[in-house]
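Peer 1: First, the structure itself, so that you have it in front of you.
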Amino acid sequence: MSDTNGLPPVVTIDGPSGSGKGTIAKLLADRLSFSLLDSGALYRAAALAALNKEVDLSNDKLLTELAKDLDVRFTVSAGQLQVWLEESDVTADIRMERVSMAASKVAAIPGVRAALLQRQRDFRQPPGLVADGRDMGTTVFPDAPVKVYLTASAEERANRRFAQLQEKGVSVSLRDLLEDIRARDAQDMNRKASPLAPAEDAVELDSTGVSIDEVLRKVLDLVQERISP
Ligand code: DC
């Protein structure tokens, strides 16, 4: 694959929670043999560190310092991303509900976002990167040759989450899930720092009622068109 301005190419996949971007990003990175950046995991790790250290989640200054010094590492084991905070494996812990809520707060702080910016850019290594998040195409990799903004209706996203939780034996109400999704969308879209929004040059794909294979095929077509072999 060719470089962009001497830098390895990046495919950015942004969109709201539950749009399927994590699944698509992983499949795409595997298909292209590109590295994968799960930027949400970075915000989640920062949030978990804050909870562990009992830092007040409204103290922007302390949280910014914590993000600057964050000792987080990503490894891949049997094709799965593993997240390490200091020397502990926090892969499962960062997905807990209380961490999701805290991550959404921590991610709204401009100083935290600035502190984590270069770490995200450091993932751009040959032969290329697939970056999954909210502001990958707008702020972190504005020069990415392929930008996708993946959406799905709030109802579809709530249904998907409901099915996932049922499979895990967790009982929740669909209506509560739908409310949570709408609240998180509003928080992510309305914050001042890097709000969730499609980049001007992003291709918007709606995955409502569309299979994962079909979405993946569309993104692979874009990669073929825009990143010359
Ligand atoms: O994608 P996720 O659910 O793992 O993200 C966790 C939180 O981090 C979510 O509230 C949105 C936020 N986030 C962000 O603000 N910017 C990103 N690039 C990725 C995630």
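Peer 1: Suppose only helical runs count, i.e. DSSP H with n ≥ 4. What mean residue ellipticity at 222 nm does that imply for the chain under -39500 (n - 2.57) per run, divided by all residues and rounded to the nearest 500 deg cm²/dmol?
Peer 2: -14000 deg cm²/dmol
Peer 1: Just need the relative contact order of the chain here, percent rounded to a whole number, with Cα pairs under 8 Å and 6+ apart.
Peer 2: 33 percent
Peer 1: Now a separate question. How large is the accessible surface per residue of the chain, computed with a 1.4 Å probe and reported in Å² as a whole number?
Peer 2: Here the residues of the chain average 51 Å² of exposed surface.
Peer 1: Once you've got the GNM for the chain with C-alpha springs shorter than 10 Å, pick whichever of 111, 169, 18 has the biggest mean-square fluctuation.
Peer 2: 169
Peer 1: Ignoring ligands, DNA and RNA, please state the percent of accessible area on segment 34-97 from carbon and sulfur, probe 1.4 Å.
Peer 2: 49 percent
Peer 1: Sticking with this structure for a sec: Order 213-221, 155-163 from most to least packed using the mean count of other Cβ atoms within 10 Å.
Peer 2: Answer by packing, highest mean first, reads 155-163, 213-221.
Peer 1: Looking at segment 6-131 only, what percent of DSSP beta bridges run antiparallel? Nearest 5 please.
Peer 2: 55 percent
Peer 1: Let me ask something additional. Could you tally up the Lys pairs in the chain with alpha carbons closer than 18 Å? Skip any pair fewer than 8 positions apart unless they're on separate chains.
Peer 2: 12
Peer 1: 5 Å is the cut-off here: which amide hydrogens, built 1.01 Å from N in the peptide plane, fall below it relative to residue 150, excluding neighbours closer than 5 in sequence?
Peer 2: 14, 15, 205
Peer 1: I would also like to ask the following. So which DSSP H runs in the chain come out at 30 Å plus along the axis (Cα) with average Kyte-Doolittle of at least -1.0?
Peer 2: none
Peer 1: Let me check I have the definition right: for the chain, take the eigenvalues of the Cα gyration tensor, multiply each by 5, take square roots. What are those semi-axes in whole Å, largest first?
Peer 2: After diagonalising the Cα gyration tensor, the semi-axes are 26, 23, 17 Å.
The values are calculated or read from the model by the stated rules, or taken from the named source; none is laboratory data. Quantities reported herein were computed from a predicted structural model and do not represent experimental measurements. Note that we place each Cβ from the backbone using ideal geometry, even for glycine, and neighbour counts take in every protein chain shown. Only protein heavy atoms, including side chains, enter the accessible area calculation; ligands, DNA and RNA are left aside. Shrake-Rupley method; radii C 1.70, N 1.55, O 1.52, S 1.80 Å.
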